Amino acid sequence: SCDATEVCNCSSMGLDFIPPGLTGKVTTLNLAHNRIKRIRSQDLQQAVNLRALLLQSNEISSIEEDSFRSLGKLELLDLSNNNLAHLSPAWFGHLFSLQHLHLQGNSYRDLGETSPFSSLGNLSALYLGNPRLSTIRQGNFEGVELLDTLWIDGVNLSQYEPGSLKSIKKINHTIVNLRNTNIFSAIVRDLLYSVTWLEVREIKLEIEKKSLVQSSTLPFRLQKLTFKDVSFTDQSISRLIVLLKEITSLQELDAIDCALQGKGAWDTKEIGRSGESFVETVSVINMMIQDFHLFFDLEGMESQVNKLKRLTVISSRVFMVACELAKHFSSLVYLDLHDNLLVNKRLNETICEDAWPSLQTLNLSQNSLKSLTQTANSISRLPKLINLDISQNNFGDIPDVCKWPKILKYLNLSSTQIPKLTTCIPSTLEALDVSANNLEEFGLRLPFLKELYLAKNHLKTLPGAPLVPNLVALSIRRNKLSSFSKEEFESFKKMELLDASDNNFICSCEFLSF
């Protein structure tokens, strides 16, 4: 089962023991998805050059203390999804090169009285926990100083000794699955000074008013906070906004696949009193709000949004942003409202006069916009807009003249059912995507255009090169091209990339030789 590089794949072979005869040649041993129940001290004794040992998804319940003693070069050990009822520090005592350790999905209830990881000075990724893990103690992480990833499945964690995670000096990304809100607060207090990106999953968030910040001389390190599969109430969101302002290093907030049991009745007075927010980027993806049609207009939140630079709200049933609030997004340069419920009438109120004054990039793809004239009219109120995506809206028709922002450079009109191109398309463009429409010809003069995407249309010829003298890249795949000549091709003086695949070319001698 071994290849030339001594990677041995023995996964899913129904093995109930580690095969004998392993030598110092083997570098990777994959024994995942078997029925191995125990590891004995002699099993891996000779495999001294092993770099990766994969034992996940077996039935391992016992490991003799010095089973891994000779694996000083091991960099990856995966023992996840087995039946380990406790963790022994002796297992890991000689794994000086270990970088990745996977222990999640076993049955241990705690990590022991001391640290199982004290010898693992090179560890960079640690995956821990299971539905039975109930306790984390001070000292459990002694010896671990720098981590790239720490993942803790603590859905039933009920006891967390404050300070337990403080011994780790620096972590890039921590993921914790939690249900206990008090433990959430304690863990955040411990990780503020060591973690750059904290991701919290599966919790029903109900926060007490107690500060998340302790008096400490250390600088904050937390820059990004992500909530995934988390349930919020109006009250918990109000409190969270207030408490997070104390973490002055926090720049980015994400909520992914979350639910809000509320309708935006936030305590805007308390939020306003707590000062301005330092967060620059907010992303909300697939937020479930049962009564979204009753959602408030967030009046009173105006003072909170003026520092925000990037806002993404995708697949969350947004049907408008109140004009008064929109005017206060004075620093916002990037707005993504992909896959929502915006119609033209509401878009007109969302982009009222003086709204979004700094906006440069706007994504309105996959909404319910029907009129290209009205859409362009609304968007023309954004003086700094450069990049616009209005794809996957069913316009079906295109007027001869449209009003656009003066400096628009990138326009995506793909999958909008438009039958032709007219001078509605602004001549300032550097990139135009009109893929997946019903176009039969391209006759527009676009002197600054560098990129043109025409895939999935009905064009029979290449666009005329004099119309687009600065074209660098052209995609015209899946059209009705049957051939084009060397002269046609070479008339594009600046062309670097042409994709004309998936066309039914005729194999003429001329075309073949070209």
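The values are calculated or read from the model by the stated rules, or taken from the named source; none is laboratory data. Note that the structure is a prediction, hence the values are computed from the model and not measured. Note that we place each Cβ from the backbone using ideal geometry, even for glycine, and neighbour counts take in every protein chain shown. Calculation scope for accessible area: heavy atoms of the full protein, side chains included, ligands and nucleic acids excluded. Shrake-Rupley method; radii C 1.70, N 1.55, O 1.52, S 1.80 Å.
Some observations on this one:
- Distance from the Cα centroid of segment 92-115 to that of segment 417-438 is 58 Å (rounded to whole angstrom).
- Per-residue accessible area (protein heavy atoms, 1.4 Å probe) orders VAL401, VAL230 as VAL401, VAL230, starting from the largest.
- Cysteine residues of the chain whose C-beta has no other cysteine C-beta under 4.7 angstrom: CYS10, CYS258, CYS507, CYS509.
- For the chain: relative contact order, % (alpha-carbon pairs under 8 angstrom, 6 or more apart): 5 percent
- Overall form of segment 370-465 per C-alpha gyration tensor (a/c, 1.5; a/b vs b/c): oblate
- Neighbour cut-off at most 11 other Cβ (10 Å), DSSP loop, chymotrypsin sites (Phe, Trp or Tyr not before Pro), segment 60-127: none
- Relative to the Cα centre, the charge distribution of the chain, modelled as +1 at Lys and Arg Cβ and -1 at Asp and Glu Cβ, gives a dipole magnitude of about 420 debye.
- Loop-located GluC sites (Glu not before Pro) in segment 459-514 (DSSP state other than H, G, I, E, B) with a sparse environment of at most 10 neighbouring Cβ atoms within 10 Å: GLU496.
- Gyration tensor (alpha-carbon) shape descriptor, the chain, a/c threshold 1.5: oblate
- Span from the segment 184-216 Cα centroid across to the segment 5-66 one, whole angstrom: 39 Å
- Normalising the average separation of contacting C-alpha pairs (under 8 angstrom, six or more residues apart) by the number of residues puts the relative contact order of segment 56-165 at 22 percent.
- Pairs beyond 24 Å (Cα-Cα), from LYS228/LYS409; LYS406/LYS456; LYS409/LYS493; LYS269/LYS327: LYS228/LYS409; LYS406/LYS456
- Cα gyration tensor category, rounded, prolate or oblate, for segment 94-158 with a/c compared to 1.5: prolate
- The chain, accessible area per residue, ligands and nucleic acids excluded (1.4 Å, Å²): 46 Å²
- The GluC sites (Glu not before Pro) found in segment 288-373 that occupy coil by DSSP, while having at most 16 further C-beta atoms within 10 Å, are GLU299, GLU353.
- Of THR375, ILE207, SER365, farthest towards positive along the dipole that unit charges on Lys, Arg, Asp, Glu beta carbons give the chain: THR375
- Of the solvent-accessible surface of the chain, computed with a 1.4 Å probe over protein heavy atoms with every protein chain present, carbon and sulfur atoms account for 50 percent.
- Computed [θ] at 222 nm, deg cm²/dmol, the chain (DSSP H ≥ 4; -39,500 (n - 2.57); rounded to nearest 500): -3000 deg cm²/dmol
- When only the Cβ of Lys, Arg, Asp and Glu is charged (+1, +1, -1, -1), the dipole of segment 309-434 relative to its Cα centre reaches about 160 debye.
- Remark: the SER331-SER107 segment gains 75.7 nm on full extension, using 0.36 nm per residue and subtracting the alpha carbon distance.
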